[in-house]
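Report on one structure; see the data block that follows.
None of the figures in this text is laboratory data; all of them are computed from the coordinates on show. These numbers were taken from a predicted model, which means no experiment stands behind them. Here the Cβ positions follow ideal geometry from the backbone for every residue, glycine too, while neighbour counts run over all protein chains shown.
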Amino acid sequence: MLKLEKYQYSRETLKKHIYAENLKDILRTQHLDVTFLVRYILNKKYQLLKEEEEITSELVLFFQPHISKKELKREMEEYTSDNDSVEDFDTISKREG
């Protein structure tokens, strides 16, 4: 498990541990770019827990004040694929299990 409260992690490290960490904790503790927010934090594909499913754009803007509402909206509208995403949870869990 990452020490989210203590350290800032790279995009690649966060992607590698996306299923091991709570998305809300990542959102709350890490300085994230808008593409990561849309591709992972707001993406239903990665929201495995009930509390993760409750993550909204408003919550993202609250915890990531460097992101503007306009910027987030534009990225959400332009996002069309998971071209840099990680494998789905079932694939990863079967390989590691």
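For the pairs Lys44/Lys69; Lys16/Lys70; Lys24/Lys73; Lys15/Lys45, flag any whose C-alpha to C-alpha distance is greater than 22 Å.
From the list (Lys44/Lys69; Lys16/Lys70; Lys24/Lys73; Lys15/Lys45), the Cα-Cα distance tops 22 Å for Lys16/Lys70.
Using a 7 Å offset from the Cα along the Cα-to-Cβ direction at both Glu12 and Leu59, what is the distance between the two label points in nm, to one decimal?
3.0
Provide the net charge surrounding Leu59, with neighbours chosen by a C-beta distance below 13 Å and charges set as Lys +1, Arg +1, Asp -1, Glu -1.
The answer is -3.
Count the net charge of all other residues whose Cβ sits under 12 Å from the Cβ of Ser10, scoring Lys and Arg as +1 and Asp and Glu as -1.
Charge balance near Ser10 sits at +1.
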